[in-house]
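Participant: Next up is a structure, given as structure tokens.
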Amino acid sequence: MSRRGLAGLLLSMALLAGGASAQTDPDGNPGSGLIGTGQVVPVARPPLPAVAPDTLPEVQLSGRELSGVQGGQTVWSHAWPPELGAIRGPLRQGNTTYLGVGPAVLALSETGEVLARYDLSAPVLTLDGSGGLIRATVSGPGYRETLTLIPPQDGGGVQERVVFAPDPAVTLWTMRAADLIPDAQVQSAWQQDRLNPFLGLRAAVQARNAGDRRAEAARLKQVMGSTQPFAVWTKLAARLDAAGYPSLADDALESARIDAAQRGLDPSVRVSRAALEAYGHPAGYIGTLLDQGRLNRAEVWMAHLRLMHPRVEGGGALFLRYAALLESQNRSGEASEWRRFAASLGSGTLYGQGALGLEKLRDFTGLLSAALALSLLLALLSIFWQIRRLSLRHTGTGERLVVLGLSSALVLSLSGGLWAAQAAGRLNHPALNTGTYGGAWAEAGLATLSLTATPDAALLRGLGPQLSGDLSAARHYYQVAAEQPCGRNNLGTISELRGDRPTAEARYRSALGDEPGLGAAAYNLNFPVLTLGSEFQERYRPGQPRLCYPDDRSLLRALSGDIRSVWRTQLSDPQAQLSQVWQLARRGQVSGWATLWAAQLLALAALLLLILPRTEAEPTLRPRSADQRLLSWLLPGSGLLDWVWGGVLLLVFVLAGLTWVSGYALELLGRGQPLPWPLHLWPPTRWPASLSGLGNSWPLLLMALAWVVNAALLWRIGVVRRQVARQTST
């Protein structure tokens, strides 16, 4: 063979080898298959006609199927199930195709491989490539947000701060996409989408089961080397732990904390149970570990929860449960430390009662209102019995004062209960319980709350813009809140970010001087502090000034003010309130506003009664019949209503009795037993479950004490009456 013929043969062999390698991935698998974001429809590829090297496949979308067509033939095809959300696009920019699927945007190469995945804050509405920039507009209830996508060749990512809506369909979209892929197609799917860590983990487990340790290690390395949102890292850590990779699970939790810090999450901000579930549900996995007795792994996850989400809803109970398990293993020192930490979470809450402060106030005012209403009813019945007439114009001044006092106290108690219920509803609003502030979703939710015109509200409004990088808007709000130490601290952080450290230090010192326990200001002055969130700031945001976040008391002032807000609401729009009361009454429901209106009318009537003159002279120490004396002895305070202290004695006796009955009912409900008559007439959810110790013996002792005091007073009055009678007879 000539030299020229040999060269031609070698060239032909090289072209054949190149054509074969172009149709396979680096592991030798066919290029068609599945990607991590959904099912891929395998397409048999016939031999392609010769095309120019610069010819790219044409991307076509048909329904939920995206295809690459070259020379009239389909070379790759992907399909996404409806569970993953609406399809938006495609948008072609150079050699990259962008497609929105639910809350994610996928950047695909000309061969259909996923080059980048953009996890956005809500479902994608539109994709726009005008001006050379790729913009994705996402939308949710009452808001829209436009985000700028960085091309894969420039590193990928989103230019703006992305604050996820606390919805698992948004935050855990990647996991749902991977879970929809059948086991038989996991390997081919992983080849097309190496950015889906859940696919990589499944592929690694399959390789381990097949005995291919090298492939297992390679896939795990790719999984841990990817960039993911913190919710994905947290959920992935649980699956790594369950799959037998505890060290990788620890690394995934560390990556979750790093990403959360970059997105502005802070341990000082409340997190609802629903939001935590959207963030990977670490508390749920901790519960599983504790049920299984795996305290070694639970220790790692508890440390993660304590460091990142200490103010999660229900976290205090979980911390105490963990402390009890430590105590059972003779680790009393650690158990005591966890109990102290759980108790410290009550700092800054209403009356220092922690997350249940408002619930306890609502239950206490409900119990007190019931006692006041029953005491008022018993007092009126006792008065009618004594005067033998259904008219209060024959009552004495003391009895009128008792009626006025009980009815006025009932108004205050009902108002406090309504305020607690309203404040709890606003404080638990999802926009205030995501672990951070800002973002289109949270700002839309915050706009639905009627914030007060107070410095606390200005502080709350300024946090979102600052976390999103709008320092000018944040400074505007903080200047309104400058009279508060927290507001001055945040003004100092803006000065420091702008390079003015002396001004920042002056503001930090001023804030710390007014509130010596302000941990953020102490941290910014480089003082050693151990307040909530300081360790997280030092580890994951080193060198950055620490923001001051409002505590629960500040949030309550920003959201609803004090109890006077209830009365202002009544005065501002009474017609709307009465209409609401009527609508609920038509459905057989009693509104709390209805009881408040009734109590206020009763208090007004009692006030008018006090002003009206008495019909007949007011006798002192008037004689009583036998049945009246019996009632006075059986019901403490009922025979002393002509003295103001008689009403107090009656209220104490009734309140103690209702307290013991409530404790008894809660004990039966806790054991799953039915309530006896007439307790079963009261709804099970309306008993004061947040109040502890109601079923102890102290209510019975208080009732006995009230009866003894009542008996002593009645005996003394009897002695005085007999002395007066003897003096009169002589």
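Participant: Roughly speaking, what % of Cα-Cα pairs in the stretch 572-730 are separated by over 20 Å, rounded to a whole number? Can you show the working numbers first?
Facilitator: Details: 8755 of 12561 pairs.
Cα-Cα pairs of the stretch 572-730 separated by over 20 Å account for 70 percent.
Participant: Which is farthest toward the positive dipole end of the chain among Leu530, Gly499, Pro103, measuring Cα position about the Cα centre, with Cβ charges +1 (Lys, Arg) and -1 (Asp, Glu)?
Facilitator: Leu530
Participant: What are the ³J(HN,Hα) couplings of the stretch 602-608, residue after residue, when phi is run through the Karplus curve with 6.51, -1.76, 1.60 and θ = phi - 60°? Round to Hz, x for glycine and proline.
Facilitator: For the stretch 602-608, the Karplus curve yields 5, 5, 5, 5, 5, 5, 5 Hz.
Participant: Could I ask something else about it? Please turn the phi angles of the stretch 263-277 into ³J(HN,Hα) values with the Karplus equation 6.51 cos²θ - 1.76 cosθ + 1.60 (θ = phi - 60°), one per residue in order, whole Hz, x for glycine and proline.
Facilitator: Couplings: 8, x, 6, 9, x, 6, 9, 5, 9, 6, 5, 5, 5, 5, 4 Hz.
Participant: To continue, here is another question. Between beta-carbons, use under 12 Å as the cut-off and find the net charge around Arg321, counting Lys and Arg +1, Asp and Glu -1. It would help to have the intermediate numbers written out before the result.
Facilitator: Working: positive: Arg339; negative: Asp291, Glu327.
Net local charge, Arg321 excluded: -1.
Participant: At a 10 angstrom cut-off on C-beta neighbours, averaged per residue, how do the peptides 473-484, 341-352 rank from highest to lowest?
Facilitator: On the way: 473-484: 19.1, 341-352: 16.2.
Listed from highest to lowest mean packing, they are 473-484, 341-352.
Participant: Still on this structure: Using a cut-off of 14 Å between beta-carbons, work out the net charge of the residues near Ile494 (Lys and Arg +1, Asp and Glu -1, Ile494 not included). The partial results should precede the final answer.
Facilitator: Details: positive: Arg475, Arg488, Arg498, Arg501, Arg507, Arg546; negative: Asp470, Glu496, Asp500, Glu505.
So the environment of Ile494 carries a net charge of +2.
Participant: Using a 7 Å offset from the Cα along the Cα-to-Cβ direction at both Ala243 and Gln580, what is the distance between the two label points in nm, to one decimal?
Facilitator: Roughly 5.1 nm, to one decimal.
Participant: Report, to the nearest 10°, how far helix 485-497 tilts away from the longest principal axis of the Cα atoms in the chain, using its own Cα long axis and a range of 0 to 90°.
Facilitator: So the inclination is approximately 20 degrees.
Participant: Continuing with this model, one more query. According to a simple spin-label model (label point 7 Å from Cα along Cα-to-Cβ), what is the distance in nm between Thr685 and Val708?
Facilitator: The two pseudo-label positions are separated by 4.3 nm.
Participant: What do you get for the angle between helix 455-467 and the principal long axis of the chain? Use alpha-carbon atoms, 0 to 90 degrees, nearest ten.
Facilitator: Orientation of helix 455-467: about 10 degrees from the principal axis.
Participant: With N set to the number of residues, divide the alpha-carbon radius of gyration of the stretch 228-345 by 2.2 N^0.38 Å and report two decimals. Display every interim value, and only then the final one.
Facilitator: On the way: Rg = 13.7 Å, N = 118, 2.2 N^0.38 = 13.5 Å.
So the stretch 228-345 has a normalised radius of gyration of 1.01.
Participant: Sort 529-539, 665-675, 396-406 by packing, meaning the average of other beta carbons within 10 Å per residue, with the highest value first.
Facilitator: Working: 529-539: 17.7, 665-675: 13.1, 396-406: 21.6.
Packing proxy ranking, top to bottom: 396-406, 529-539, 665-675.
Participant: Once you keep just the Cα pairs under 8 angstrom separated by 6 or more residues, what percentage relative contact order results for the chain? Before the final figure, lay out the partial values.
Facilitator: Values: 1089 pairs, mean separation 70.3, N = 730.
For the chain, the relative contact order is 10 percent.
Participant: A further question on this structure: In whole Å, what is the distance between the alpha-carbon centres of the stretch 673-701 and the stretch 494-568?
Facilitator: If you average the Cα positions of each part, the centres end up 42 Å apart.
Participant: Another question, then. Taking H as built 1.01 Å from N, whose amide H comes closer than 5 Å to the amide H of Val101, not counting residues under 5 places away?
Facilitator: Residues meeting the amide H criterion: Arg88, Leu106.
Participant: Right, here's the next one. DSSP loop (so not H, G, I, E, B), at most 11 other Cβ within 10 Å: list which chymotrypsin sites (Phe, Trp or Tyr not before Pro) in the stretch 94-196 pass both filters.
Facilitator: Values: sites: Tyr98, Tyr118, Tyr143, Phe164, Trp173, Trp190; in loops: Phe164.
Taking the stretch 94-196 and a limit of 11 other Cβ atoms within 10 Å, no loop chymotrypsin sites (Phe, Trp or Tyr not before Pro) are found.
Participant: Cα convex hull of the stretch 102-249: mean projected area in nm², to one decimal?
Facilitator: Values: hull surface 38.8 nm².
Taking the Cα atoms of the stretch 102-249, their convex hull projects to 9.7 nm² on average.
Participant: Calculated from DSSP H runs of 4 or more alone, at -39500 (n - 2.57) each and per residue, what is the 222 nm mean residue ellipticity of the chain, nearest 500?
Facilitator: Details: 29 runs with 403 residues, N = 730.
Rounded to the nearest 500, the figure is -18000 deg cm²/dmol.
Participant: Quote to one decimal, in nm, the extra length available between Leu608 and Asn95 on full extension: 0.36 nm per residue of separation minus the C-alpha distance between them.
Facilitator: Details: separation 513, 0.36 × 513 = 184.68 nm, distance 8.48 nm.
That works out to 176.2 nm of additional length.
Participant: Multiply the residue gap between Leu125 and Arg498 by 0.36 nm, knock off their C-alpha separation, and tell me the result in nm, one decimal place. Please report the intermediate quantities before stating the final value.
Facilitator: Numbers: separation 373, 0.36 × 373 = 134.28 nm, distance 3.60 nm.
Gain on stretching Leu125 to Arg498: 130.7 nm.
Participant: Then there's this: Return an integer: the convex hull volume of the alpha-carbon atoms of the chain, in Å³ per residue. Numbers along the way, then the final one.
Facilitator: Values: hull volume 179.7 nm³, N = 730.
Roughly 246 Å³ of hull volume per residue.
Participant: Next up: Compute the Cα gyration tensor for the stretch 340-429, then decide on rounded, prolate or oblate, letting a ≥ b ≥ c be the square roots of its eigenvalues: rounded whenever a/c is under 1.5, prolate when a/b is larger than b/c in the other cases, and oblate in all that remain.
Facilitator: On the way: a/c = 4.13, a/b = 3.36, b/c = 1.23.
Because a/c hits 1.5 or more and a/b exceeds b/c, the stretch 340-429 counts as prolate.
Participant: What percent of all Cα-Cα pairs in the stretch 152-223 falls in each 5 Å bin, counting up from 0?
Facilitator: All Cα pairs considered, the percentages come to 3, 15, 21, 19, 17, 13, 8, 3, 1.
Participant: Follow-up. So for Val709, Val590, Val581, fewest C-beta neighbours within 10 Å to most, what's the order?
Facilitator: Values: Val709 17, Val590 11, Val581 20.
Fewest-to-most Cβ neighbours within 10 Å comes out as Val590, Val709, Val581.
Participant: Could you put His429, His304 in order, starting from the residue whose Cβ has the fewest other Cβ atoms within 10 Å?
Facilitator: His429, His304
Participant: 7 Å from Cα along Cα→Cβ at both Arg564 and Glu160: what's the point-to-point distance in nm?
Facilitator: My value for the distance between the label points is 4.0 nm.
Participant: Here's another thing I want to ask about it. Note down the relative contact order for the stretch 445-587 as a percent, whole number, built from C-alpha pairs under 8 angstrom at least six residues apart.
Facilitator: Details: 156 pairs, mean separation 35.7, N = 143.
With pairs under 8 Å counted, the relative contact order is 25 percent.
Participant: What does the charge count around Arg64 come to, taking other residues whose C-beta lies under 12 Å from its C-beta (Lys +1, Arg +1, Asp -1, Glu -1)?
Facilitator: Result for the neighbourhood of Arg64: -1.
Participant: Can you give me the long-range amide H partners of Arg546? Hydrogens built in the peptide plane at 1.01 Å from N, cutoff under 5 Å, separation of 5 or more residues or another chain.
Facilitator: Residues meeting the amide H criterion: Asn524.
Participant: Further, regarding this structure: Using Cα atoms only, what is the angle between the long axis of helix 230-243 and the major principal axis of the chain, expressed in degrees (0 to 90) to the nearest 10?
Facilitator: Value to nearest ten degrees: 80.
Participant: So, one more: Starting from the Cα-Cα distance between Gln479 and Ser336, subtract it from 0.36 nm times their residue separation and give me the gain in nm to one decimal. Before the final figure, lay out each step's value.
Facilitator: On the way: separation 143, 0.36 × 143 = 51.48 nm, distance 4.22 nm.
This chain segment gains 47.3 nm when fully extended.
Computed from the coordinates by the stated procedures, all read-outs in this text should not be read as laboratory data. Small disclaimer: the values here were computed from a predicted structure and weren't measured. All Cβ positions, even for glycine, are placed from backbone atoms using ideal geometry, and neighbour counts span all protein chains on display.
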